[in-house]
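*Asks:* Have a look at this one.
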Amino acid sequence: MSVSQTGFTRQTYERTVYAVVGVGIFGLLAGLLLDQQVAGTAVYLVGCWVGGAIAVLAPKFTDATLQDERDNDLHNHASGLTMRIAMLVGISVIPALYVLDAGGYVELTATVWGGVWVASALFLLYGVCFGVVQRRR
Amino acid sequence: MKNDLPDRRERAGLSQADLAEAVGVTRQTINAIERDRYDPSLDLAFELAAHFDCRIEDIFTPD
(Lines give C-alpha, C1' and ligand atoms only; values in the text may rest on other atoms or scores of the structure.)
Protein backbone atom coordinates (compact mmCIF):
# COMPACT_ATOMS: atom_id res chain seq x y z
CA MET A 1 0.00 0.00 0.00
CA SER A 2 1.43 3.38 -0.99
CA VAL A 3 1.44 6.30 1.41
CA SER A 4 -1.12 8.19 -0.73
CA GLN A 5 -3.57 5.34 -0.28
CA THR A 6 -3.39 5.92 3.44
CA GLY A 7 -4.48 9.56 2.92
CA PHE A 8 -1.04 11.13 3.31
CA THR A 9 -1.72 14.42 1.55
CA ARG A 10 0.50 17.47 1.10
CA GLN A 11 -1.33 19.14 3.98
CA THR A 12 -0.78 16.14 6.24
CA TYR A 13 2.86 16.00 5.15
CA GLU A 14 3.54 19.65 5.98
CA ARG A 15 1.67 19.49 9.28
CA THR A 16 3.48 16.31 10.30
CA VAL A 17 6.92 17.74 9.56
CA TYR A 18 6.20 21.06 11.31
CA ALA A 19 4.64 19.27 14.30
CA VAL A 20 7.55 16.86 14.80
CA VAL A 21 10.17 19.60 14.49
CA GLY A 22 8.01 21.84 16.70
CA VAL A 23 7.96 19.19 19.43
CA GLY A 24 11.76 19.07 19.20
CA ILE A 25 12.10 22.83 19.57
CA PHE A 26 9.56 22.89 22.40
CA GLY A 27 11.49 20.08 24.10
CA LEU A 28 14.73 22.03 23.87
CA LEU A 29 13.17 25.16 25.34
CA ALA A 30 11.48 23.13 28.07
CA GLY A 31 14.78 21.44 28.87
CA LEU A 32 16.48 24.83 29.25
CA LEU A 33 13.70 26.18 31.46
CA LEU A 34 13.54 23.05 33.65
CA ASP A 35 17.31 22.71 33.91
CA GLN A 36 17.16 19.42 31.99
CA GLN A 37 19.50 20.39 29.18
CA VAL A 38 20.49 16.86 28.17
CA ALA A 39 16.90 15.62 27.96
CA GLY A 40 15.87 18.77 26.09
CA THR A 41 18.72 18.36 23.63
CA ALA A 42 17.82 14.70 23.09
CA VAL A 43 14.20 15.60 22.32
CA TYR A 44 15.40 18.36 19.99
CA LEU A 45 17.75 16.07 18.09
CA VAL A 46 15.13 13.33 17.73
CA GLY A 47 12.58 15.89 16.55
CA CYS A 48 14.94 17.37 13.97
CA TRP A 49 16.12 14.02 12.65
CA VAL A 50 12.66 12.44 12.49
CA GLY A 51 11.15 15.61 10.97
CA GLY A 52 14.00 15.80 8.47
CA ALA A 53 13.64 12.13 7.59
CA ILE A 54 9.91 12.53 6.98
CA ALA A 55 10.50 15.67 4.90
CA VAL A 56 13.05 13.93 2.70
CA LEU A 57 11.69 10.39 2.53
CA ALA A 58 7.90 10.86 2.38
CA PRO A 59 7.89 12.26 -1.20
CA LYS A 60 9.83 9.17 -2.33
CA PHE A 61 7.26 6.72 -0.95
CA THR A 62 4.00 8.23 -2.10
CA ASP A 63 2.16 8.78 -5.35
CA ALA A 64 0.68 11.98 -3.92
CA THR A 65 2.36 15.21 -5.03
CA LEU A 66 3.90 16.52 -1.84
CA GLN A 67 6.34 18.87 -3.57
CA ASP A 68 6.52 20.17 -7.11
CA GLU A 69 8.39 22.57 -9.37
CA ARG A 70 6.87 25.66 -7.76
CA ASP A 71 8.19 24.57 -4.35
CA ASN A 72 11.65 24.23 -5.91
CA ASP A 73 11.25 27.64 -7.56
CA LEU A 74 10.25 29.25 -4.26
CA HIS A 75 13.17 27.55 -2.51
CA ASN A 76 15.63 28.76 -5.17
CA HIS A 77 14.35 32.34 -5.02
CA ALA A 78 14.38 32.38 -1.20
CA SER A 79 17.91 30.93 -1.13
CA GLY A 80 19.12 33.47 -3.68
CA LEU A 81 17.54 36.35 -1.77
CA THR A 82 19.06 35.12 1.50
CA MET A 83 22.54 34.92 -0.02
CA ARG A 84 22.23 38.33 -1.68
CA ILE A 85 21.29 39.93 1.63
CA ALA A 86 24.02 38.02 3.50
CA MET A 87 26.63 39.01 0.92
CA LEU A 88 25.54 42.65 0.80
CA VAL A 89 25.69 42.93 4.57
CA GLY A 90 28.77 40.72 4.92
CA ILE A 91 30.85 42.39 2.23
CA SER A 92 30.09 45.85 3.53
CA VAL A 93 30.50 45.10 7.23
CA ILE A 94 33.15 42.38 7.69
CA PRO A 95 36.13 44.14 6.02
CA ALA A 96 35.29 47.30 7.97
CA LEU A 97 35.29 45.33 11.22
CA TYR A 98 38.70 43.81 10.39
CA VAL A 99 40.19 47.24 9.68
CA LEU A 100 38.69 48.91 12.73
CA ASP A 101 39.86 46.04 14.96
CA ALA A 102 43.34 46.01 13.43
CA GLY A 103 43.61 49.78 13.86
CA GLY A 104 42.63 49.54 17.50
CA TYR A 105 39.52 51.65 17.06
CA VAL A 106 37.20 48.90 18.27
CA GLU A 107 37.75 45.63 20.07
CA LEU A 108 35.59 42.86 18.67
CA THR A 109 34.10 40.44 21.16
CA ALA A 110 34.31 36.68 20.75
CA THR A 111 30.64 36.66 19.76
CA VAL A 112 31.26 39.11 16.92
CA TRP A 113 34.27 37.08 15.75
CA GLY A 114 32.06 33.99 15.83
CA GLY A 115 29.57 35.78 13.58
CA VAL A 116 32.37 36.83 11.22
CA TRP A 117 33.63 33.23 10.98
CA VAL A 118 30.14 31.84 10.42
CA ALA A 119 29.47 34.39 7.68
CA SER A 120 32.85 33.66 6.08
CA ALA A 121 32.15 29.92 6.16
CA LEU A 122 28.73 30.54 4.61
CA PHE A 123 30.24 32.53 1.73
CA LEU A 124 32.88 29.83 1.21
CA LEU A 125 30.23 27.10 1.20
CA TYR A 126 28.16 29.11 -1.28
CA GLY A 127 31.16 29.46 -3.57
CA VAL A 128 31.85 25.72 -3.48
CA CYS A 129 28.17 24.87 -4.10
CA PHE A 130 27.98 27.40 -6.94
CA GLY A 131 31.06 25.83 -8.54
CA VAL A 132 29.63 22.30 -8.21
CA VAL A 133 26.28 23.32 -9.70
CA GLN A 134 27.99 25.25 -12.50
CA ARG A 135 30.13 22.24 -13.44
CA ARG A 136 27.11 19.93 -13.49
CA ARG A 137 25.14 22.11 -15.93
CA MET B 1 2.49 35.24 -18.97
CA LYS B 2 -1.25 35.53 -19.15
CA ASN B 3 -3.35 32.40 -19.44
CA ASP B 4 -6.93 31.27 -19.83
CA LEU B 5 -6.50 28.28 -17.56
CA PRO B 6 -9.41 29.17 -15.21
CA ASP B 7 -11.88 29.28 -18.13
CA ARG B 8 -10.60 26.06 -19.67
CA ARG B 9 -10.61 24.27 -16.34
CA GLU B 10 -14.12 25.39 -15.48
CA ARG B 11 -15.42 24.48 -18.95
CA ALA B 12 -13.97 21.02 -18.39
CA GLY B 13 -15.74 20.83 -15.04
CA LEU B 14 -12.53 20.41 -13.11
CA SER B 15 -11.54 21.80 -9.75
CA GLN B 16 -8.02 23.11 -9.21
CA ALA B 17 -7.30 19.95 -7.23
CA ASP B 18 -8.56 17.75 -10.08
CA LEU B 19 -6.36 19.51 -12.62
CA ALA B 20 -3.39 19.46 -10.26
CA GLU B 21 -3.71 15.73 -9.79
CA ALA B 22 -4.08 15.19 -13.53
CA VAL B 23 -0.85 17.00 -14.38
CA GLY B 24 1.12 15.96 -11.28
CA VAL B 25 1.49 19.19 -9.35
CA THR B 26 -0.05 20.64 -6.20
CA ARG B 27 -3.31 22.57 -6.12
CA GLN B 28 -1.36 25.60 -4.91
CA THR B 29 0.68 25.57 -8.11
CA ILE B 30 -2.43 25.54 -10.32
CA ASN B 31 -3.83 28.38 -8.22
CA ALA B 32 -0.61 30.38 -8.59
CA ILE B 33 -0.58 29.86 -12.37
CA GLU B 34 -4.20 30.94 -12.69
CA ARG B 35 -3.50 34.10 -10.71
CA ASP B 36 -0.47 34.91 -12.94
CA ARG B 37 1.83 34.57 -9.95
CA TYR B 38 3.85 31.65 -11.28
CA ASP B 39 5.01 30.82 -14.79
CA PRO B 40 5.09 27.05 -15.24
CA SER B 41 8.09 25.17 -16.56
CA LEU B 42 8.02 24.07 -20.19
CA ASP B 43 7.37 20.50 -19.03
CA LEU B 44 4.31 21.55 -17.05
CA ALA B 45 3.08 23.80 -19.87
CA PHE B 46 3.27 20.79 -22.21
CA GLU B 47 1.40 18.68 -19.65
CA LEU B 48 -1.37 21.28 -19.41
CA ALA B 49 -1.61 21.66 -23.17
CA ALA B 50 -1.77 17.89 -23.60
CA HIS B 51 -4.46 17.64 -20.94
CA PHE B 52 -6.67 20.19 -22.74
CA ASP B 53 -5.67 18.81 -26.15
CA CYS B 54 -4.41 22.14 -27.46
CA ARG B 55 -1.16 23.99 -28.05
CA ILE B 56 0.78 25.74 -25.30
CA GLU B 57 0.24 29.10 -26.99
CA ASP B 58 -3.51 28.51 -26.92
CA ILE B 59 -3.36 28.58 -23.12
CA PHE B 60 -0.46 30.94 -22.46
CA THR B 61 0.24 34.30 -24.08
CA PRO B 62 3.05 36.77 -23.34
CA ASP B 63 2.17 39.83 -21.27
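*Asks:* With every protein chain left in place and a probe of 1.4 Å, what is the accessible surface of A:Leu88, to the nearest 10 Å²?
*Replies:* 130 Å²
*Asks:* Mind checking the alpha-carbon convex hull of the protein assembly as shown and giving the volume per residue in Å³?
*Replies:* 202 Å³
*Asks:* Take the alpha carbon gyration tensor of the stretch A:13-53, find the square roots of its eigenvalues, order them as a ≥ b ≥ c, and report rounded if a/c is under 1.5; if not, report prolate when a/b exceeds b/c, else oblate.
*Replies:* oblate
*Asks:* At 37 °C and a viscosity of 0.692 mPa s, what translational diffusion coefficient does Stokes-Einstein give for the stretch A:26-79, taking Rh as the Kirkwood radius over Cα pairs? Give it in µm²/s as a whole number.
*Replies:* 246 µm²/s
*Asks:* Sum -39500 (n - 2.57) across every DSSP H segment of at least 4 residues in the protein assembly as shown, then divide by the residue count to get the 222 nm mean residue ellipticity, nearest 500.
*Replies:* -23500 deg cm²/dmol
*Asks:* Between A:Thr16, A:Thr109, A:Thr82, find the one with the highest GNM mean-square fluctuation for chain A; connect C-alpha pairs within less than 10 Å.
*Replies:* Comparing A:Thr16, A:Thr109, A:Thr82 in the GNM, the peak value goes to A:Thr109.
*Asks:* With the radius of gyration and the Kirkwood radius both derived from the Cα set of chain B, what is their ratio Rg to Rh?
*Replies:* Answer for chain B: 0.90.
*Asks:* Whole number please: convex hull volume per residue of the Cα set in the stretch A:46-137, in Å³?
*Replies:* 138 Å³
*Asks:* Also: Taking the Cα centre as origin and putting +1 on Lys and Arg beta-carbons and -1 on Asp and Glu beta-carbons, what dipole magnitude results for the protein assembly as shown, to the nearest 20 debye?
*Replies:* Approximately 440 debye in magnitude.
*Asks:* Find the accessible area per residue for the protein assembly as shown; the probe is 1.4 Å, ligands and nucleic acids are left out, and the unit is Å².
*Replies:* Per residue, the protein assembly as shown has an accessible area of 69 Å².
*Asks:* Could you list the residues of the stretch B:4-32 with an amide nitrogen less than 13 Å from a label point located 7 Å from the Cα of B:Asp58 in the Cα-to-C-beta direction?
*Replies:* Once the point is set 7 Å along Cα→Cβ of B:Asp58, B:4-5, B:8-9, B:12 turn out to lie under 13 Å by backbone N, inside the stretch B:4-32.
The values are calculated or read from the model by the stated rules, or taken from the named source; none is laboratory data. All figures in this text were calculated on a predicted structure; none of them were measured in a lab. Glycine also receives a Cβ, built like all others from the backbone with ideal geometry; neighbour counts cover every protein chain displayed. The area values use the complete protein model at the heavy-atom level, side chains included, leaving out ligands, DNA and RNA. Shrake-Rupley method; radii C 1.70, N 1.55, O 1.52, S 1.80 Å.
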